[in-house]
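Beneath this line is the structure, given in structure tokens, with notes to follow.
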Protein chains: 2
Amino acid sequence: MGEATTARRDALLQAAQRLFSQRGYEATSVRDIADAMSIKAGSLYAHIETKEDLLWEILTAAADRFFAAIEPIVASELLPIEKLKRVIAAHVEVITESASSAAVYMTEWRHLSEPRRSEFAARRDAYEELVRGIVRDGIRAGEMADVDEKFATLLILSSMNWIYQWYRPDGPMNPEEIARKLTAMLLKGLQRAGV
Amino acid sequence: MGEATTARRDALLQAAQRLFSQRGYEATSVRDIADAMSIKAGSLYAHIETKEDLLWEILTAAADRFFAAIEPIVASELLPIEKLKRVIAAHVEVITESASSAAVYMTEWRHLSEPRRSEFAARRDAYEELVRGIVRDGIRAGEMADVDEKFATLLILSSMNWIYQWYRPDGPMNPEEIARKLTAMLLKGLQRAGV
């Protein structure tokens with residue numbers, strides 16, 4: 001694609017992502033997206049086949065960012081707890097960089113049709129498995145408590161994935177602070193030691 | 001309302017709740033709800049004013065259940081950590097009793113129009129404040145670590161509110177076990193003590 005076309009496509013994906021995150025995928029029409037870009041709906045079809053193609057491209061790009069952020073950490077020689085700390089920081093950074101992307105990623109995938117829906121689910125499962133591997137290694141190495149490995153993984157992911165719901169770039173906490181506090185609470189717990 | 005009318009209305013709310021949780025509120029038409037009940041859309045309007053009335057009734061009933069479950073615990077004379085344990089168990093029970101109700105409660109409220117949207121947000125804030133009060137008391141009493149009180153509250157709520165996404169009544173864990181594991185992880189943390 002030429003430079004102008006790529007820029008137009010990026011603007012299109014940004015507009016779609018914003019609307020999908022605000023109103024939901026089903027409630028957003030191609031016409032709405034065109035209106036948001038101040039162009040005619042007909043012109044949009046030079047750039048996309050269907051509305052679902054836009055959703056798919058947004059979800060794929062989001063998944064790519066999550067994987068790219070944590071794969072080098074998972075593959076490193078760090079000890080499990082240190083890996084987990086860095087994975088949390090990297091994942092939180094991806095979410096806070098684009099809350100609208102995260103919102104679409106967390107909630108709108110269910111509107112995909114098959115086989116895309118299954119393909120998306122498989123990528124989410126693979127991502128969960130990367131985090132679960134760290135928890136498993138941490139338990140084996142004696143760094144982590146003898147917890148239910150799957151449940152602990154869900155707790156870690158869910159507590160991070162909720163952040164897009166309340167994070168604001170102009171809010172009181174920056175991404176590093178969020179990751180640091182979250183990591184401390186998840187690792188050390190809320191109860192005072194010895195109580 | 002007569003008994004027959006009440007039964008029909010309950011069936012209507014159940015059907016709407018199931019469809020809203022599966023497809024999303026915006027993607028569900030009154031016609032879809034009527035089809036799911038095998039009646040004519042016209043007959044539905046004897047029972048509702050608008051589709052949003054159904055959403056509002058579902059959300060209000062869900063909020064009522066959450067409050068009814070935890071208010072007696074909050075008002076009790078128990079110590080903060082014990083209160084927190086029981087609140088988690090009660091909240092998890094509400095979610096697992098009806099995952100479709102929880103799904104609508106967590107995601108579809110954003111489709112409310114004003115002033116209902118603000119009223120709903122105020123109730124959620126009030127609920128969050130009940131949990132936050134326990135965390136605050138726990139920190140003051142020295143039972144809980146000196147954590148960021150608001151952040152800890154969000155962690156507790158978010159880790160519970162994610163459960164509707166993966167809980168299955170025929171799955172390997174019952175609600176009591178989920179609450180017990182979640183409570184242990186949140187209170188004691190994932191890191192092995194002393195590491």
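Laboratory data are not the source of any read-out in this text; all were calculated from the coordinates shown. All values reported here derive from a predicted model rather than from experimental measurement. For neighbour counting, all protein chains shown are included, and Cβ atoms are generated from backbone atoms with ideal geometry for every residue, glycine included.
When B:Gly138 is tested against the conditions (1) out of contact with any strand residue (DSSP E or B) (no Cβ under 6 Å at 6 or more places or on another chain); (2) crowded, with 19+ Cβ neighbours inside 10 Å, the lone failure is (1).
Output the residue which, of all residues in the stretch B:19-59 that are buried (at least 18 other Cβ atoms within 10 Å of the Cβ), within 17 Å of B:Thr107 (Cβ to Cβ) and touching a Ser or Thr at 6+ places or on another chain (Cβ under 8 Å), is nearest to the other protein chains (Cβ to nearest Cβ). Here the residue is B:Gly24.
I want to confirm something. Restricting to the stretch A:181-192 and keeping residues that are touching a helix residue (DSSP H, G or I) at 6+ places or on another chain (Cβ under 9 Å) and free of Cβ contacts under 8 Å to residues at least 40 places away in the same chain, which single residue is farthest from B:Tyr164 (Cα to Cα)? Can you show your working first?
From the stretch A:181-192, those touching a helix residue (DSSP H, G or I) at 6+ places or on another chain (Cβ under 9 Å) are A:181-183, A:185-192; that's our starting set.
Remaining after also requiring free of Cβ contacts under 8 Å to residues at least 40 places away in the same chain: A:181, A:185, A:188-192.
Details: A:Lys181: 25, A:Met185: 23, A:Lys188: 26, A:Gly189: 23, A:Leu190: 23, A:Gln191: 26, A:Arg192: 29 Å.
Restricting to residues being touching a helix residue (DSSP H, G or I) at 6+ places or on another chain (Cβ under 9 Å) and free of Cβ contacts under 8 Å to residues at least 40 places away in the same chain, the top hit is A:Arg192.
Could you grab me the full set of residues in the stretch A:78-121 that are acidic (Asp, Glu) and crowded, with 21+ Cβ neighbours inside 10 Å? I'd like the intermediate steps shown before the answer.
First, the residues of the stretch A:78-121 that are acidic (Asp, Glu): A:82, A:93, A:97, A:108, A:114, A:119.
Once the filter is applied, which keeps residues that are acidic (Asp, Glu) and crowded, with 21+ Cβ neighbours inside 10 Å, the stretch A:78-121 yields nothing.
Within the stretch A:11-34, does at least one residue satisfy the condition of being without any contact (Cβ under 8 Å) to a residue 40 or more places away in the chain and of a type in the set (Phe, Trp, Tyr)? Within the stretch A:11-34, none of the residues are without any contact (Cβ under 8 Å) to a residue 40 or more places away in the chain and of a type in the set (Phe, Trp, Tyr).
Residues that are over 29 Å from B:Ala193 (Cβ atoms) and among the acidic types (Asp, Glu) are absent from the stretch A:130-144 altogether.
Residues of the stretch A:183-193 that are facing chain B (nearest Cβ under 7 Å), buried (at least 19 other Cβ atoms within 10 Å of the Cβ) and not in a strand (DSSP E or B): A:Met185, A:Leu186, A:Leu187, A:Gly189, A:Leu190.
Looking for something of a type in the set (Val, Ile, Thr), more than 10 Å from every other protein chain (Cβ to nearest Cβ) and in contact (Cβ under 8 Å) with a residue 12 or more places away in the chain - is there at least one such residue anywhere in the stretch B:122-141?
The first filter runs over the stretch B:122-141 and keeps only residues of a type in the set (Val, Ile, Thr), leaving B:131, B:134-135, B:139.
Still in the list and also more than 10 Å from every other protein chain (Cβ to nearest Cβ): B:131, B:134.
Okay, now just the ones that are also in contact (Cβ under 8 Å) with a residue 12 or more places away in the chain, so B:131, B:134.
Within the stretch B:122-141, one or more residues are of a type in the set (Val, Ile, Thr), more than 10 Å from every other protein chain (Cβ to nearest Cβ) and in contact (Cβ under 8 Å) with a residue 12 or more places away in the chain.
Tell me the residue from A:Ile73, A:Ile95, A:Ile88, A:Ile33 that is in contact with a Lys or Arg (Cβ under 6 Å, 6 or more places away or on another chain) and of a type in the set (A, V, I, L, M), please. Show your work before the answer.
Details: A:Ile95 fails: in contact with a Lys or Arg (Cβ under 6 Å, 6 or more places away or on another chain); A:Ile88 fails: in contact with a Lys or Arg (Cβ under 6 Å, 6 or more places away or on another chain); A:Ile33 fails: in contact with a Lys or Arg (Cβ under 6 Å, 6 or more places away or on another chain).
Going through A:Ile73, A:Ile95, A:Ile88, A:Ile33 in turn, just one is in contact with a Lys or Arg (Cβ under 6 Å, 6 or more places away or on another chain) and of a type in the set (A, V, I, L, M): A:Ile73.
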